[in-house]
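Asks: Below is the structure I would like to discuss, written out as structure tokens.
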Amino acid sequence: MDGVTYIGVVDDDPHSRATVVAHLQRYEEEHGVEFSVRTFSDGAQLTRGYRADFDVLFLDVEMARMDGFETAHAVRALDDRVVIVFITRMAQMAIKGYEVDALSYLVKPVPYFAFSQELARSLQRVRRTQSEGVMLPVAGGTARVDVADIVYVESIKHRIVVHAIGRRYAFTGTLKAIEEQLDGQGFFRSNNCYLVNLRHVHAVRQSTSVMLGGDELQISRARKRAFLDAMADHLGGRVP
């Protein structure tokens with residue numbers, strides 16, 4: 001983060017939204033932190049063209065058009081890292097939050113002390129999970145992917161496929177453009193089609209690299225020596 005924490009408040013009740021915003025303002029004043037807050041009147045408004053640049057989301061559970069759980073599932077499809085805190089009138093409903101890795105829940109009407117406790121926990125998780133990330137233009141919005149989770153990037157004609165741990169992201173683009181985004185972060189262009197995350201190379205065979213998950217990617221003959229040198233530098237002189 002750049003010193004500012006980006007927070008979304010999603011609730012179809014204007015009074016409840018205003019309460020959360022007022023709590024956030026009080027917390028800023030008491031703790032000397034800075035928030036950038038955006039409010040949404042329902043989950044559909046948040047998820048339409050979702051851009052994964054929030055640090056924390058406060059989600060109302062009971063919303064008419066798109067409830068909090070449906071909203072959270074849509075968010076998680078693009079953003080594994082944002083901290084989600086549910087706000088609900090019925091605590092028993094919040095148990096479903098485990099399905100979307102919600103941090104916790106708050107019960108309406110939300111008192112400031114309980115809110116400040118959960119916000120402090122949320123900010124701690126944001127700090128713990130900070131890492132280099134890349135923003136990818138995908139169907140439905142913009143996904144945020146931790147660089148460490150990218151196994152390799154594949155170019156198929158004019159399509160780019162980012163193979164991440166447990167997930168794939170596809171969009172129109174060039175390998176050169178994403179190579180520039182990932183420059184200096186442990187990636188190597190093994191041939192015209194593949195950009196490889198060196199930390200996820202499990203073995204190097206005669207003309208292929210064996211990646212996490214078992215995929216074998218071709219290494220061009222012209223780049224084999226440079227690839228092995230890059231692997232040796234990355235692993236401190238040991239090539240698997």
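The values are calculated or read from the model by the stated rules, or taken from the named source; none is laboratory data. Remember, it's a predicted structure, so these values are computed and weren't measured experimentally. Glycine also receives a Cβ, built like all others from the backbone with ideal geometry; neighbour counts cover every protein chain displayed. Please note that ligands, DNA and RNA were not included when accessible areas were found on the heavy atoms of the full protein model with its side chains. Shrake-Rupley method; radii C 1.70, N 1.55, O 1.52, S 1.80 Å.
Asks: Using the Karplus curve 6.51 cos²θ - 1.76 cosθ + 1.60 with θ = phi - 60°, work out ³J(HN,Hα) for each residue of region 9-26 in order, rounded to whole Hz, and write x for Gly and Pro.
Replies: 10, 10, 7, 8, 9, x, 5, 5, 4, 5, 5, 5, 4, 5, 4, 5, 5, 5
Asks: Count charges around A143 for me, please; just the other residues with Cβ under 10 Å from its Cβ, Lys/Arg as +1, Asp/Glu as -1.
Replies: Here the count lands on +1.
Asks: Give the carbon-plus-sulfur fraction of the accessible surface of the chain in %, rounded to a whole number; probe 1.4 Å, heavy atoms of protein chains only.
Replies: Working: 6000 of 12190 Å².
Of the solvent-accessible surface of the chain, carbon and sulfur hold 49 percent.
Asks: What FRET efficiency, computed as 1/(1 + (r/R0)^6) with R0 = 22 Å and r the Cβ-Cβ distance, is obtained for F113 and V33, rounded to the nearest 0.05?
Replies: Efficiency computed from Cβ-Cβ geometry: 0.80.
Asks: Using only Cα atoms, find the angle between the long axis of helix 112-128 and the longest principal axis of the chain, and express it within 0 to 90 degrees, rounded to the nearest 10.
Replies: 10
Asks: Rounded to the nearest 500, what is the 222 nm mean residue ellipticity of the chain from helices alone, with -39500 (n - 2.57) per DSSP H run of 4+ residues and division by all residues?
Replies: Taken over the chain, the calculation gives -8500 deg cm²/dmol.
Asks: Given a cut-off of under 8 Å on Cα pairs at least six residues apart, what relative contact order in percent is computed for region 128-188?
Replies: Values: 82 pairs, mean separation 14.8, N = 61.
After rounding, I find 24 percent.
Asks: Now a separate question. Relative contact order of region 1-124: what whole-number percent is it, with Cα pairs under 8 angstrom and at least 6 residues apart? Don't skip to the end; give the middle numbers.
Replies: Values: 198 pairs, mean separation 29.2, N = 124.
Relative CO of region 1-124 lands at 24 percent.
Asks: Next question. Could you list the square roots of 5 times each eigenvalue of the Cα gyration tensor of region 35-190, that is, the equivalent ellipsoid semi-axes, sorted largest first and rounded to whole Å? Provide the component values of the computation, followed by the final result.
Replies: Working: eigenvalues 217, 57, 30 Å².
That gives 33, 17, 12 Å for the three semi-axes.
Asks: Another question, then. Give me the dipole magnitude in Debye, nearest 20, for region 54-186 about the Cα centre, with unit charges on the beta carbon: positive for Lys and Arg, negative for Asp and Glu.
Replies: 160
Asks: Now for a separate question. In whole percent, what relative contact order does the chain give with Cα contacts below 8 Å and a gap of six or more residues?
Replies: Rounded, it is 12 percent for the chain.
Asks: I'd like the FRET efficiency for A170 and V4, computed as 1/(1 + (r/R0)^6) with the beta carbon distance as r and R0 of 35 Å, rounded to 0.05. Before the final figure, lay out each step's value.
Replies: On the way: r = 31 Å, r/R0 = 0.89.
Here the calculated transfer efficiency is 0.65.
Asks: What ranking do 140-150, 49-59, 213-223 get when scored by the average of other Cβ atoms within 10 Å per residue, highest first? Write out the running numbers ahead of the final one.
Replies: Values: 140-150: 18.5, 49-59: 20.5, 213-223: 13.6.
Output ranking for 140-150, 49-59, 213-223: 49-59, 140-150, 213-223.
Asks: Nearest 5 percent is fine: what portion of the DSSP beta bridges confined to the chain is antiparallel?
Replies: Bridges in the chain that DSSP calls antiparallel: roughly 55 percent.
Asks: Can you tell me which aspartates and glutamates have their Cα less than 19 Å from the Cα of K108? Leave out same-chain residues fewer than eight positions away.
Replies: Hits, sequence-local ones excluded: D11, D12, D13, D42, D60, E62, D67, E118.
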